[in-house]
Each structure stands twice: as C-alpha cells, then as structure tokens.
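Okay, so here's the structure we're looking at.
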Amino acid sequence: MPYRLRLSHAVLIGLFAFALGCAQTAVAATPATTALSPEAKSATTDTAVSSSQLNFELDVMPILTVAGCNGGPCHGKSRGQNGFQLSLLGFDEFDFNSIVKHARGRRVQPSAPDTSLLLLKGAGVLPHGGGVRLPIDGENYKTIRRWVSAGMPRATEKDPKLIGIEVSPRDKILPAKARQQLKVTARYSDGSTRDVTRLTAYQSNESPVAAIDQVGLVTAGALPGETAIMARYMNHIAVFNVAVPLSGKVEHETYAALPRRNFIDDLVWKRLERLGIVPSPPCDDATFLRRASLDVIGRLPTSDEVRKFLADKSADKRTKLIDDLLARPEYADFWANKWADLLRPNPYRVGIKATYAYDQWIRESFRENKPYDQFVTELVGARGSTFRDGATVLFRDRRTPEETTTLVCQLFLGVRLDCARCHHHPFEVWGQDEFFGTAAFFGRVGYKGTGISAPISGSEEFIYYKGSGEVLHPLTGAVVPPKPLTGSLELKPGEDPRPAFARWMTSPDNPYFAQVAVNRVWSELMGRGIVDPVDDIRATNPPTNPELLAALAQEFRNQKFDHKKLLRTILTSHVYELSSLPNPRNTWDLKNYSRHYRRRLRAETLLDAVCDVTGIPEEFAAMPERSRAMQLWTHRVSNLFLDSFGRPDPNQDPPCERVSDSTLVQSLHLMNSPGLHKKVTHDKGLAARLVAAGGSPEEWVEELYLATYNRYPTDAERRAAAGLFSADRTKHRAIAEDLLWALINSPEFTFIN
Amino acid sequence: MSALRNCEGVTRRNCLQLGVAAFAGGGLSGLLNLQAQAATQAVAEGKTPAKAKSVIMVWLDGGPSHFETFDPKPEAPIEIRGEFDPIATRTPGLFFSENMKALAGISDNLCIVRSICHNQGNHGAGNHYMMTGAPTRIPVGCGAFVSFHPSYGSVTSYERKAPRGLPGYFSIPSVSRSGGPNFLGAKYAPFVVSDDPNQATFRVRDVNLPAGLTDDRFMQRRDLRKLVDQLPRFAEAAAGDPVLAVDSYAQQGYDLMTSVEAQQAFDIGREPEKLRDKYGRDSFGQRCLLARRLVEAGVPWITLYDGGWDDHSDIFPRFRTRTPKLESSVAALISDLDDRGMLDSTLVVMLGEFGRTPKISTLSGSKTPGRDHWANAMSVMFAGAGTPRGAVIGATDRNGYAAVERVLSPENFASTIYRKLGIDPDRIYYTPQGRPTHLVSDSTPIKELMA
C-alpha cells in the first residue's frame, strides 16, 4: 500500500490527457462543446493592467490554454496535430512561432483577421477535428481577432510578466449542498493583478464531495468529506481545499479534554475539531502490544511476552515497550525489507551478486540506525565495486542520468519528474529544464567493468567519478548545467556533482526531503500517508493535514534524521494508540486518523507469523536454515505463499509494486495450501507439542489464543473451544490442529487491528 | 458432511473420486438446459433476453497497432504504412495486415470496428477508459493502475450470477490494470488463474484440499473458524473495513472448492489432443481453451490478458514473431465456439487501450523503430452473440490518423457489451457513500452490432 514506486519506462512518451477542454470533443459522437460555456465572458476584468495593447503572452496564451488547444490530446501532443504543434499546456515561445511563423504564415492574417486559419479553424468555420473552440460571437474570439489585427504583438521586456496566481478563498468549510464562487487572480511582475477566474481551468479531485463548474462555482455534495480543487491558469496552479463536515455540533470541550502526548496529538485533534469528527478511544493493552510489535519489528509477540505485558501494572509500560522494540535486532531486517522493496533492482538485470551486495548494504544501514540523510548521501554518491560496495548497485541498475533522476526524485523528494522528461507535467510545475538540470548531476558517473547483459549479468562493475560528461537538452541540444529543483548550489571545478546534489537534498532548505521520508514512515504505521500516494508530493495532491506533515518533517530534521527517534515520536503519540472501532462521528473518516485503520499483514510478516505460531520454519533456497521471510535478499527465492500475498514480482523490469489487497487466492492459500497444512499438522508443531506435554484443554486453548491473537481467550471462547476436546484422547491432537488452523484463517490473525 | 454437498447431492470429493467424466454429460448440459429455460421464460415475461450469455475479452495490454492488425494502410506513405502488406480476407473488400492470416481465414465470423477513439493517450488512463467505459476522474500517469469505476467483468458478475461456486469473472493469467470491482466490492473482483494450463501438471492452485485432509475434517475446521472469529466488523461501507473483503473471499473460496462445475471446467486434460493442438500448445492458446470451458460451465465474463503490446520500438520483428501465434489461437477459439453452436451466445472481443501513431518513429535511446500511443483511432474485433458476421464498421482516414466514419467512443463500446449481456448501461449504481453513478454515461450501443 504505502510503499509505492512507479517507474516509467518507454511509456514516458504517453500523451497526457488532461481532462479538460479538448477532452470532450475527441469523442465526436457527442456534440462538440467548448471548455467555456457560452455565457462565460472572456476574461479579463483588468484591475491594474491597462491593456489597450494586447500581447501574445498575456492575452492569447491563456485563451489557447483554457480552450484546450495546447492540451495533450490536441496540438500539445509531442508531434502536434495535423501539422500544427503547440507546446504541451502552453509554456514555450515555441507556440508563438507555431502560430505566427510556421505554415508560411497562413495561420494569421493581420490585414483580414477573420481569414486567419487560427480563427477559421478555432471557430469551426473550416472543418476542425477539435470542434468549435472559439465561438465566433465569444469574447475569446474577439480578443484573438484584435490581437491578429494589431499585428500579433508579443510581450516586450517592458511588459509585465505573469508571476503567479492566487485563488480565494484558499480553503473553506462548506455545509452540505452549499455553494462558493472562487476567484482567481493573476499577479504580474509590475505588481499589477487581473481577475482571470473565467480563463482558469478547474478540476475537483473528488466531485461527489465538492463539484466545480467551468466558471469557478463550487457546489458541496450531500455527504461529508474533504477534497482539493485545482485551478490552473497558464502554467500556474492554485489549490482550493474544501471540507464538508458532518452536520451537528461537537463542543470544544470534547477536544480540549483529549490527551496530548506530543505535537502529533495536538495537530490531529485540531483537524478533527474543524471537521466535527470525534476520535475513537484508545485500544486495549493486548491490541497495542500486537500492533506495536508488528509495526516496529514485523513479528508477533510470543505468548510469554503477552503474559508479561498484560501483567505489567506500570503506567508507562507502552512507552517502555516501544523502546524495547526499537532496540530489538528484528527492527533492522523489517525496515530494511521495506526499503528493499523500493530500491531492489531486477536481479535478472543487474546480476545476483550485485543484488545481494545491495541488500546487505541496506540491512547494514538499518542495523546501525544510519541517519537517513547519510543513508541517502551514501547512496546517490556511491563509488566502488558492485560486488563490495552495495550502494553502487543503484547506478548499475540506473545506467543513465535520466533513469537515476526519476528514481532519486520520486524516492527521496516525492517529486515525480518522469513526465517532465518529455513535456511539462500538466498538474505539476516541473519541465524539461528541471528534469535535465537534475539529470546533469548524474552526468559524470563512470562505469568500468562488465555492463549489463541480462539475464546473466554475472560480473563485477566499478562506479566512479569520471570527471567529465554532459547532459544535453533534447530539444535545443545545449549542454545543461547541473541545477537543483529549488534554490541554487555552487560546484567547485572538478567536484563530483553527486555529493553536492545530496547536500542540497538533505539541507534544511529543501522542503521535500524530510516530508516524503516522514510521510512514508507515517503511512507504514498509520495505514495511510498524510499525502497519498506517499511519494507524490505536489500542490495538486495536497496533504490531508499539512501542519502535521510540516511538523513531523521539522521534528525529523531536529532529530538529525534519526529513523528510530522518528518512529518513537509517532508510536508514543496518543493518536497511534487509538482503537480501530469507529463511532458515529468518525465512521466515514478514512484520512484524518480519528481511529486506527486496519491493515493486512504484509506477505513476509504474515509468513513469519505463521512459522512462529506453528513453530515450523519455512525452508528457503539460498538462505541459511531458520531464516525469516523478511531476511530474504531477493524475490528470486521462490515462495508461493509470498507470491500469493503480493510481494513484488521480480520478473518485471522494473519490478512491479507490492500489492496489499486481499484476494480470493489468498483465502484459498491459507485454507488449502499443502505448505501451511504441513506446518499446522507437523509432529513438532505447536498443536502436537501442546497436547503431548499434557495439561488441560483450557490451558491448550489459552496458549493457542496467546500465540495467534496475542490475547487471552474470553471465558466464553475458552469454554467453547475447550468443550471441543472430547473424552477420546486420540483425537486431541487433531482438534488442537484444527483449532490452530481456524485461528490462522481468521482476520484477527491476518490483520493489524 | 451435508454442507459439502452440491445441489445434485454428491460431495465434491465423491465427484472427484468418480471422475469428472461421469458428470460431463449430466451436470453440465443439465445446467445449460436450465439457463435455456430461464431465457425462454424471460421472453415470455416480455424482457429482452441477453444475446450473450458470456463474454471473452482478449485484452492486448499496451495498445496494439491498428496498422499492423485490422486497419492496414497500403496507400499511405512509407513512413506510415510500415513493413507489412495487407492480405485479403474471406470478406470481399476487407483486408487485414499480413500477420493476421488465421483471423483473415475466418473473417466471415468477425466484425471489425475501426473507428473507436478516445482522448486518453497513456496506459493508465487508456486502460481505465476501455476496461470500464468511464474516463479516469482525475488525470493519471502512464504507469498507473487505477480504478474509479467498476470494470465490465465486475459489473457482469454483479448483474449476472454464475452457477453456484463459480466466480462470475475470471481474469487469466493476471488482472488487467483497471479490471477491478471498485465500489461493487471484493466479491466481484476477478478470480485470477495464474497457473499455466499448458503445463502437464496444471491445476488451479489451492482449490483442492491438501493431501491427507478429509472432507469431514475440513468441515469441522470451517465450523471452528466461525467459532473463533470474533473480530468486530464495521458493516457500514463508508467505514472502509478491509476485513469485509476477506469474509467475502472466504465464502467464495468455500463455494469454489465445492463446485462441481469449477472442477470440471478446470480439467483441461479432458480435451482431445487434436483440439488442444489447434488452440496452440502455448500458455495463451491453452488459456483460450480454458476460457471456452469456463463459458460452457456458465461463467459470464472471462478476460484473457496478454501484455507487451506497447511497441515503441522493434515493432515489425515483434509483430512477425508473436502475432501469428496469438491470432491463430483466437481464431481457433472462435471456430471452436462456432462448431459447438456456442458462438451465437458468446461474445468474443479483442482490443487494447488504444491504437498507435501513424508515423513510425525511433525514440531517443532506441535503435529500432516503433509506433507510439494513439488514442484517436483503434480497431476492435468482435465475434459472436449476434454481431454481424463478416463486416467492418467505421473507418479511419487514408493515413490512419483519426476515425472519420462512424466515430465511436469507449462509452458506445461499453454500452454495446452491456446490452449484449442484457445489462442496461443506463442504470444507476449507488456507491457505498451513496453517490449515484451512471453505469455508462452514454448508453448508445454501436447499432450495427445490435441488429
């Protein structure tokens, strides 16, 4: 679920379809509609810019953008449409040339503006595949007409430049079915502003919660919820956040009385109060012990650990437990396993020994609780042998600056740059300049030794700084110097740019680095990222609780990127302890953490748990005896159980992502797989051992419950289960086995509650 | 013991002991008779009976080129028409690309629609549009696996019950990107058969009891599970309790294990060797055969997934090597259905998420040419269930850029499929949050296919 990594391959070339404008007309079975409704007046009630003189940048580009002309499905496509090409979503001066200079100038006729191809086609006077985009009686048509007859002026140095837009209000709580008109204001370099509400394209992330029409009127839905609405004017994006709270009032005292262990509680309660959501009470001790153990070290507590914890009367025993768990050796394997999901290359591609070296480097990093910034710095600046210096395998796997860029930016910055490689991202601010500016940091990675010759790729390779190497811009062919996404940094001559890039990433000024890291960890522990998907941080995918995300990031920086300290902060909050049981005022809440969200155990954890409770370890190829599933260093170690429960498939390149959903195949596997059957009925298994050791059925039942559910059976459960054991002693072992099977096959076992 | 009995009063294990052959006559044809009766009854009651009892959807993930399949453009300039020649089919005036020989040989059973188009040029969104009939609600990226709307298969299994114990929706050998149930819930997710029917050892994993476990003991375990499973469930759908899905799957698992029909359908080894050869002795060919057996058993939706049609490079060698195998298996499937009199009640469709760019291009970093994504035109193959035999509908322009005649949308495509199945595409579903959702926003089917 939360660990998501999608790396594009050839499919980058995909043409982005922005569900706007042009989108509707490509389906020509329905009559063509324009992106602006007929009554929508054009544009620009100018507040400060007096624009008797129209120009291309300020007046024409916005019309082409809102009408969808430069959208992905139309002329914004990488090869244009019917010979007429615009830059995707209107960014470059490319577009001016396309309109004014190309096609022998047929597209504009200043002497007879109405005969301009641009207008004839746009208005549908001549056949136009995109339908009528500029109705002939509309303001937009007139604006472009005026611009053409004025001789297609461009903005000059003196003209103001668009520097940003603002939407107002920025966020609002709306009662169900209420309406709100948005206003979008463009700001210019000379300090002037314009109202561009009607030249803005809008989109609601969840229209059932709050819908928006073409002129910026928001209508709240009938049901509670929250969503973001994106407003895009030219290459600028602003977001309006709207919440539709549950009706009925909750007194402030309810929230004031809630416990506050640290800033997390404070910020979550604040959010809940705003939405009128009431949190669930804390969970009981047994649930907490099971949850924390699975979350921190990926294993169930033993029956003895459960007995001891439940008997402990001290007030701070939950905090003590967290500290104990963080000190356990399993911690490293469990968290390294999660990181291996993100970094692990296809072994068929990079070779098996390199895969092993990489895995060991990751594990060692978690064993020594390496600060996260150091972890990342070592990785992106790795040098040495792919057999001995595990971190170098990143570069064995990602063999071009471009490939490294997409991986590094998505993993460590939560910025998805892969679209920007070919075109501006329609809902992001990054473009090719940023993409190749970043790629340039990886342009001097040298390779020596045997490269990739999949599927064998057996030999060693050395990664080093080769001192030269440039990244070229694909359109201009110019050398692109290294330039970070934000801010600037100085490179000394002869300096390997990679460590410098790492310094920039990990510096306190970089807002993304810490945020994406804490968001991942939070998502692992809480069942959903504050930003979801966890590695997709952008204005148009806003966090559900921005203050919390910022505070966690700040805390992580203050902690000097100590992973264990971050975990401790979250795990010792009151919010982490909440019960999963909903109440009438938080049932529908799936993203504000008013209760704990149930999660299925991930594949490795579940298999380890089955082995632990039955007492029969799994045998893995290429692993020492009694290894745990979470210690596997490659998915090439075949295992049907792990495949059924959704570990990533290593045969794909890049390996596909982990699936956390439940499936029918999983249910059948738990019920019927020969492997699990053998463990449950094994002569040395838990059931056999219990019955052989003597004692009473009540004691056996208690032990089975403690081992699987990590709690004592209730009296009713104990009586009912013990009652199954008849006088016929020969059947006792079989009954104990069946009981164990039943417990393992129940969701109380397979879920973190 | 009793709970393991199926409706015919025989336990599953007995059935296996007796051998499936004993039931191959009675069990299955009896079932088909029942369905026929139901259809007659529907007519008597004034409802239109479904033309298609089942749909087999061959999904060519990645977006197969229309030029290299059903819409060759021999008149186009060299940089568009590609390396292949058109070949004549059994339908006068209809030409396919040269690697579609087997399908050309049965073109009098096919109806090719050349003019479906949409506006979602990346895989994530294109998959969603063509697999659900609805565009993605928010823009998604190329690699996305997204679901905003239930897939055809899920809707079909929701609307059209499969025989007891059999899932109504199979996806073989994996689930397609947007092939999930969305708000319809886990019960209508596809049952994925990843095991390879081309292997001698083929069996559907974990559907049988492990060796050494008796039926009786399994029943006892099942009762015990009920006894120990006391975890509270949050019944309200808005609470999003993931445990509900597990309950649903557990029930489906029991049903599947005790289903005679399922055991029979999976037993592909009972097919004559000659017929198995005809389908092609490879994974895809035998999966086609398995699909036919599932149709016989009454499964209303089967997706046959075949990936790797995203031919940005190396398009011509790849088509040369892989297409003949695939298309001859599909042709064998259609002919076999026809021979058995099942084609009139089975709809076979073959498509991907979009077509490919007219201009052949070589991407930077690639040495061999290919075609890129192109949603302005694609070809979709139909066969059976009353679709015209030997017809072509719609056309692209002379260079294959855009659908220009009978321009059709994914919604038209979706509505055609639903109407064939007797499902009203105009109906409204309610999501767990109570939001009304049109099954298909434009419920107009492709009328030429509905005659």
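Just so it is clear, none of the values below were taken in a lab; they were calculated from the coordinates. Keep in mind that what you see is a predicted model, and the values were worked out from it rather than measured. Backbone-built Cβ (ideal geometry, glycine too); neighbour counts: all protein chains shown.
The three principal axes of the Cα atoms in segment A:603-752 give end-to-end lengths of 58, 29, 23 Å, sorted in falling order.
Taken one residue at a time, the phi angles of segment A:396-413 give Karplus couplings (6.51, -1.76, 1.60, θ = phi - 60°) of 5, 6, 9, 9, 10, x, 5, 5, 5, 4, 4, 5, 4, 5, 6, 5, 9, 10 Hz. Gly and Pro are set to x.
Averaged over its residues, how many other protein chain Cβ atoms are within 10 Å of peptide A:579-589's Cβ atoms?
Numbers: counts 0, 6, 3, 7, 0, 1, 0, 1, 7, 7, 3.
Averaged over the peptide's residues, the number is 3.
On the principal axes of its alpha-carbon atoms, segment B:378-451 has extents of 48, 28, 14 Å, going from largest to smallest. Considering only A:TYR358, A:LEU321, A:PHE462, and ranking their Cα positions along the charge dipole of chain A that arises from unit charges at the beta-carbon of Lys, Arg, Asp and Glu, the one farthest toward the positive end is A:PHE462. For the pair B:ASP277 and A:ARG729, label points projected 7 Å from Cα toward Cβ lie 6.4 nm apart. Sequence-distant contacts, meaning Cα pairs under 8 Å at least 6 residues apart, place the relative contact order of chain A at 12 percent. Per residue of peptide B:397-410, the mean number of Cβ atoms on other chains within 10 Å of the residue Cβ is 2. Entry note, chain A: the mean residue ellipticity at 222 nm calculated from DSSP H runs of n ≥ 4, each adding -39500 (n - 2.57), is -10500 deg cm²/dmol after division by the residues and rounding to the nearest 500. Taking all Cα pairs closer than 8 Å and separated by 6 or more residues, the relative contact order of chain B comes to 28 percent.
Put simply, when A:623-633, A:475-485 are sorted by average Cβ atoms within 10 angstrom per residue, most first, you get A:623-633, A:475-485.
Computed from the Cβ-Cβ distance with R0 of 60 Å, the FRET efficiency linking A:ALA692 to A:PHE263 stands at 0.70. Once you've got the Cα coordinates, tell me which of A:LYS161/A:LYS483; A:LYS101/A:LYS161; A:LYS466/A:LYS560; B:LYS278/B:LYS359; A:LYS270/A:LYS313; A:LYS177/A:LYS591 are over 29 Å apart. Over 29 Å apart, Cα to Cα: A:LYS466/A:LYS560; B:LYS278/B:LYS359; A:LYS270/A:LYS313.
Across all C-alpha atoms in segment A:553-613, the radius of gyration and Dmax reach 15.6, 41 Å.
Averaged over the residues of B:249-255, the number of partner chain Cβ atoms lying within 10 Å of the residue Cβ comes to 5. Bridge orientation summary for chain A: considering DSSP beta bridges with both residues in this region, about 95 percent are antiparallel. Charge dipole (Cα centre; +1 on Lys/Arg Cβ, -1 on Asp/Glu Cβ; no other charges) of the protein assembly as shown amounts to roughly 440 debye.
Over segment A:209-314, the hull volume per residue, using the convex hull of the C-alpha atoms, is 185 Å³. Rg/Rh, computed from the Cα trace of chain B with Rh as the Kirkwood radius, has the value 0.98. Shape summary of the protein assembly as shown, radius of gyration then Dmax from alpha carbon positions: 31.2, 106 Å.
Quick check: from the Cα gyration tensor, does segment B:116-213 come out rounded (a/c under 1.5), prolate or oblate? It comes out prolate by the Cα gyration axes. Sorting A:315-324, B:269-278, B:315-324 by their mean Cβ neighbour count within 10 Å, with the most densely packed peptide first, gives B:315-324, A:315-324, B:269-278. Relative to the Cα centre, the charge distribution of segment A:331-506, modelled as +1 at Lys and Arg Cβ and -1 at Asp and Glu Cβ, gives a dipole magnitude of about 320 debye.
Geometric descriptor of segment A:162-244, per residue, is 66 Å³ (volume of the convex hull of the Cα atoms). Looking at chain B alone, DSSP beta bridges between its own residues are antiparallel in about 50 percent of cases.
Qualifying trypsin sites (Lys or Arg not before Pro) in segment A:208-289, where qualification requires a DSSP coil assignment and no more than 16 other C-beta atoms within 10 Å, comprise A:LYS249, A:ARG260, A:ARG261. For segment A:331-506, the pair-distance distribution built from all alpha carbon pairs, in bins 10 Å wide starting at 0, is 10, 37, 36, 16, 1 percent. In chain B, the DSSP-assigned H stretches of four residues or longer account for a calculated mean residue ellipticity at 222 nm of -10000 deg cm²/dmol, using -39500 (n - 2.57) per stretch and the full residue count as denominator. Using the Cβ-Cβ distance between A:VAL637 and B:ALA200 with R0 = 25 Å, the FRET efficiency computed as 1/(1 + (r/R0)^6) comes to roughly 0.50.
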